[in-house]
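First comes the structure, then the notes that go with it.
What follows is calculated from the coordinates using simple rules that are stated; it is not laboratory data. In this text, all values refer to a predicted model and were calculated from it rather than measured experimentally. With ideal geometry, Cβ positions are generated from the backbone for all residues, glycine too; neighbour counts draw on all protein chains shown.
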């Protein structure tokens, strides 16, 4: 089950981030040799964990905020 987190990423946990990216990770692994898939999946999850603090700090503006900043 994928949740829509909109703009509030400060309260998101690492498990929720994995839940969001899990389907994309699994689909991308079909491009990898069968015997390497588990290792590649672990590497991707490790990179997500390493960058988790950066993901939480992203403050992307909404559409109307973006337009008002351009004016």
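Among the residues of the stretch 47-71, the ones that are closer than 18 Å to residue 22 by Cα and loosely packed, with under 11 Cβ neighbours inside 10 Å come to 2 in all.
Which residues, taken from the stretch 39-71, are over 23 Å from residue 13 (Cα atoms) and either under 18 Å from the mean Cα position of the chain (by Cα) or in a helix (DSSP H, G or I) (or both)? Passing the criteria: 39, 63, 64, 65, 66, 67, 68, 69, 70.
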